[in-house]
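Supplied in structure tokens, the structure appears directly below.
The values are calculated or read from the model by the stated rules, or taken from the named source; none is laboratory data. Everything quoted here is computed from the prediction, not taken from an experiment. Please note: Cβ atoms are built from the backbone with ideal geometry, for glycine as well, and neighbour counts cover all protein chains shown. With ligands, DNA and RNA removed, areas are computed over all heavy atoms of the protein, side chains included. Shrake-Rupley method; radii C 1.70, N 1.55, O 1.52, S 1.80 Å.
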Amino acid sequence: MSQIMESGKPFKKRNYKPAIIILSIVLIGIIGLLSGKRGAEEFDAFDVTILPMLNAIFNSFTFIFLVAALIAIKKRNINVHRKFIYAAFFTTSLFLVTYVSYHYLAASTPYGGEGILAGIYYFVLITHIVLAAAIVPLALTSVARAWNREHDRHRKIVRWTMPIWLYVSFTGVLVYILISPYY
């Protein structure tokens, strides 16, 4: 369906669904495959244990950018909101690069804690993993609806996307803090 833009030029919605599905399957699939991998043999070009710290840093920035985007949209500042959302996508992309690199190069690190802390860790880890998989298509669909100017549909999905993405980025940092002594 074609709409008229403020500039008088026609605007045509695009079908992002195939790209969202393919990208979601590929990203989640790669991460799933790497979760059972033993790591690269004799890799010593650099200390790969720095990558999880970078993951946590990128997750921290994603969280901050999402909070800023939320504040901006509450103030009805769409341009600032859009810039912070793009910044969150950028830092999330950097996170994905370092996450995939680490899990390709290194074996999984087992959690060494015990007692109540272990219960907390595994609860946070499991909810983080499940919701991280869900956030891929949710975030992509949210931005696609914004690009297509489907404002009502965008608002409906971001009511789920924003809190889940905030949780995933926050718990990504928390998981790092809890497991970092065991690297």
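Criterion first (open to solvent by 30 Å² or more (accessible area, probe 1.4 Å) and touching a residue at least 24 places away in the same chain (Cβ under 8 Å)) does Tyr99 satisfy it? It would help to see each step written out before you state the result.
Values: open to solvent by 30 Å² or more (accessible area, probe 1.4 Å): yes; touching a residue at least 24 places away in the same chain (Cβ under 8 Å): yes.
When the stated conditions are applied, Tyr99 passes them.
Name the residue that is least open to solvent (accessible area, probe 1.4 Å), counting only residues in region 29-82 that are hydroxyl-bearing (Ser, Thr, Tyr) and touching a Phe, Trp or Tyr at 6+ places or on another chain (Cβ under 8 Å). Spell out the reasoning first.
Within region 29-82, the subset hydroxyl-bearing (Ser, Thr, Tyr) is 35, 49, 60, 62.
With touching a Phe, Trp or Tyr at 6+ places or on another chain (Cβ under 8 Å) added as a condition, the list becomes 49, 62.
Numbers: Thr49: 51, Thr62: 1 Å².
Residue satisfying both the conditions and the ranking: Thr62.
If you don't mind, another one. Among what's in region 25-67 and is at pLDDT 90 or above and touching a Leu at 6+ places or on another chain (Cβ under 6 Å), pick the residue that is farthest from Pro137 (Cα to Cα).
Phe58
Which numbered condition in (1) part of a loop (DSSP other than H, G, I, E, B); (2) in contact (Cβ under 8 Å) with a residue 40 or more places away in the chain is the only one that Arg76 fails?
It fails just one condition, (2).
Filter region 102-112 for residues that are of a type in the set (Gly, Ala, Ser) and surrounded by fewer than 16 Cβ atoms within 10 Å (Cβ to Cβ); which is nearest to Phe61 (Cα to Cα)?
Selected residue: Ser108.
Hey, among Val100, Val136, which residue is under 16 Å from Pro52 (Cα atoms) and touching a helix residue (DSSP H, G or I) at 6+ places or on another chain (Cβ under 8 Å)?
None of the others qualify; the one that does is Val100.
Taking the condition surrounded by 14 or more Cβ atoms within 10 Å (Cβ to Cβ) and in contact with a His (Cβ under 9 Å, 6 or more places away or on another chain), does Val158 pass?
So Val158 does not fit the description; no.
When you look at Thr127, is it more than 23 Å from Leu34 (Cβ to Cβ), in a helix (DSSP H, G or I) and of a type in the set (S, T, N, Q), yes or no?
It is false that Thr127 is more than 23 Å from Leu34 (Cβ to Cβ), in a helix (DSSP H, G or I) and of a type in the set (S, T, N, Q).
Continuing with this model, one more query. Against the conditions (1) open to solvent by less than 50 Å² (accessible area, probe 1.4 Å); (2) under 29 Å from Tyr182 (Cα atoms); (3) of a type in the set (Gly, Ala, Ser); (4) under 16 Å from the mean Cα position of the chain (by Cα), where does Ser93 fall short? Just the number, please.
Against the list (1) open to solvent by less than 50 Å² (accessible area, probe 1.4 Å); (2) under 29 Å from Tyr182 (Cα atoms); (3) of a type in the set (Gly, Ala, Ser); (4) under 16 Å from the mean Cα position of the chain (by Cα), Ser93 comes up short only on (1).
Then there's this: Quick one: is Ala87 closer than 22 Å to Trp147 by Cβ and assigned to a helix (DSSP H, G or I)? Full working, then the answer.
Working: closer than 22 Å to Trp147 by Cβ: yes; assigned to a helix (DSSP H, G or I): yes.
So Ala87 fits the description; yes.
Follow-up question, since we're still on this one. May I ask you to verify whether Ser142 is at pLDDT 95 or above and either at negative phi or outside any loop (DSSP other than H, G, I, E, B) (or both)?
yes
Could you check region 108-143 and list, in sequence order, the residues that are of a type outside the set (Val, Ile, Thr) and within 16 Å of Tyr167 (Cα to Cα)?
Residues satisfying the conditions are Tyr121, Tyr122, Phe123, Leu125, His128, Leu131, Ala132, Ala133, Ala134, Pro137, Leu138, Ala139.
Let me ask something additional. Mind listing just one residue for me: the one in region 112-156 that is more than 25 Å from Ser93 (Cα to Cα) and aliphatic (A, V, I, L, M) and, of those, farthest from the chain's Cα centre (by Cα)?
Here the answer is Ile116.
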